[in-house]
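Presented below is the structure to which this report refers.
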Amino acid sequence: MDIAVGIGILGCGTVGTAVATRLLEERDALIARAGASFTLHGIAIGNLTKPREAAIAPSLFTDDARALVDDPRIDIIVECIGGTTLASELVESALYSGRHVISANKDLLATQGPRLHALASARGSHLRYEAAVGSAIPVLRILSEALAGDRVEAVAGVLNGTCNFVLEAMENGASYADALAQAQALGYAEADPRNDVEGIDTTHKLAVLAQLGFGVPLTTSRIASAGIANITQRDVARAQMLDYHIRLVAAARRTDEGIAAEVAPLLVHASHPFAQLHGPENAITVIGRDSGALLLRGQGAGGNATASAVLGDIISTLRAIAERRTFLPLRQRAHGLAQAHATPLFDRLTRNRTLPRYAVWEDSILTAPVSPLLVAHSRPGKETLA
Ligand SMILES: NC(=O)c1ccc[n+]([C@@H]2O[C@H](COP(=O)([O-])OP(=O)(O)OC[C@H]3O[C@@H](n4cnc5c(N)ncnc54)[C@H](OP(=O)(O)O)[C@@H]3O)[C@@H](O)[C@H]2O)c1
């Protein structure tokens, strides 16, 4: 094992701490699995004086993230800072200099993925981000590798644990404001919860799924979306009486005209897997032309669950380096940078007469033939007799 690879981590919060701890504590086992030796050379953080619970040598920390990215000993940058400003600059700089990048950052990939992939491709670098959607659920690998010989027709899922928690608390009688306060007190929601409750986080994840599944440069701003902030306790209780749960559903499919995609709170029947999730759990359906429907369910958030996916990406990058493999493009790289646009999807769902604000989720929307006429005339949705 003559190859020694240098790793630098950007960010040591929930995700960065779990990744660094595993790399340090399980180094020998990870090296044996990867077939390449590695050394963690540094971890960039925002505040050097902040107390840290994990047993990480203080000498590893730096508050100069740019210098860490430029450190000549480092081959792989693991980005766990989040956001789209500093993270974008650092990831771009790392890729430009030929370093491989692993990220957990859905915001960045959903909004700038096509450009970053083009840069990685031009510089011969590896860009991997399995943790960005569904944390521990290996859905991006399924889309880009396991189904590489198939044609992905549709993806759908419930992708945000904070929304699940808030809606579940409302089902137990809490108002929206109380449910959100509970989620914040328990650490399920950020102090500023807008990204989650306004559906932005879910739309980022849908954009990443669509980019990899359909090979199109679809970014967040091109997808119709709504969040859960206007849902009342009365809506939730009425839905339960009808044997439904309100869940924030994301879905995208191919149509003859291109891609249809949407994120919105929908009525999901109690018997459906999307309705049976708790807290940070996510569920994702992938429909391949030949594979048919695949259903994945698992931990969609949390330090260790997210680190599981990040470490998988690190190992696969180490293996590729050890085997001196060319870094194969993910599916989306072949499709250029022209922005794709998605038409709304949920127009085609029926509505419930008692709760007409909400469309009713049906799996068949992912596979049923699409009539262009229906798309043009179906707003605000057909009524059911329920
Ligand atoms: N948390 C999850 O369950 C989860 C799941 C999937 C994906 N993700 C993604 O993973 C990424 C990280 O999330 P997280 O929850 O770990 O975030 P976090 O706990 O807020 O950690 C962010 C880290 O970035 C560091 N940072 C901030 N400004 C910096 C700067 N100027 N230079 C260097 N470091 C800086 C912070 O430093 P300090 O420690 O000094 O404040 C902190 O260590 C995000 O993209 C998120 O979307 C998270």
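Values quoted throughout were computed directly from the atomic coordinates according to the rules given, and no laboratory measurement underlies them. If you're wondering where the values come from, they're calculated on a predicted model, not measured in any experiment. Glycine gets a Cβ as well: all are built from the backbone with ideal geometry, and neighbour counts include every protein chain shown.
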Quiz item: What are the residues in the range 266-321 that are in a loop (DSSP other than H, G, I, E, B), aliphatic (A, V, I, L, M) and within 12 Å of the ligand (Cβ to nearest atom), if any?
Solution: ALA301
Quiz item: Got at least one residue in the range 234-250 being within 22 Å of ALA154 (Cβ to Cβ) and surrounded by fewer than 17 Cβ atoms within 10 Å (Cβ to Cβ)?
Solution: no
Quiz item: Within the range 155-180, how many residues turn out to be small (Gly, Ala, Ser), over 15 Å from VAL208 (Cβ atoms), surrounded by 16 or more Cβ atoms within 10 Å (Cβ to Cβ) and away from the ligand (no atom under 16 Å from the Cβ)?
Solution: 3
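A quick yes/no check of all residues on (1) within 30 Å of LEU159 (Cβ to Cβ); (2) in contact with a His (Cβ under 7 Å, 6 or more places away or on another chain); (3) among the β-branched types (Val, Ile, Thr); (4) without any contact (Cβ under 8 Å) to a residue 24 or more places away in the chain:
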| site | (1), (2), (3), (4) |
| --- | --- |
| LEU40 | no, no, no, no |
| ALA54 | yes, no, no, no |
| LEU60 | no, no, no, no |
| ALA65 | yes, no, no, no |
| ILE74 | no, yes, yes, no |
| THR85 | yes, no, yes, yes |
| LEU119 | yes, no, no, no |
| ARG128 | yes, no, no, no |
| GLY134 | yes, no, no, no |
Quiz prompt | Checking ILE9 against (1) more than 18 Å from ALA94 (Cα to Cα); (2) in contact with a helix residue (DSSP H, G or I) (Cβ under 6 Å, 6 or more places away or on another chain); (3) in contact (Cβ under 8 Å) with a residue 60 or more places away in the chain, the condition it does not meet | solution = (1)
Exercise. Please determine, by comparing only the residues of the range 71-88 that are exposed (fewer than 14 other Cβ atoms within 10 Å of the Cβ) and over 20 Å from the mean Cα position of the chain (by Cα), which one is farthest from GLU26 (Cα to Cα).
Key: PRO72
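Conditions tested, residue by residue: (1) aliphatic (A, V, I, L, M); (2) touching a Gly at 6+ places or on another chain (Cβ under 8 Å); (3) under 27 Å from ASP2 (Cα atoms); (4) away from the ligand (no atom under 12 Å from the Cβ).
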| position | (1), (2), (3), (4) |
| --- | --- |
| VAL19 | yes, no, yes, no |
| LEU23 | yes, no, yes, yes |
| GLY35 | no, no, yes, yes |
| HIS41 | no, yes, yes, yes |
| PRO58 | no, no, no, yes |
| LEU68 | yes, yes, yes, no |
| GLU89 | no, no, no, no |
| SER97 | no, no, yes, yes |
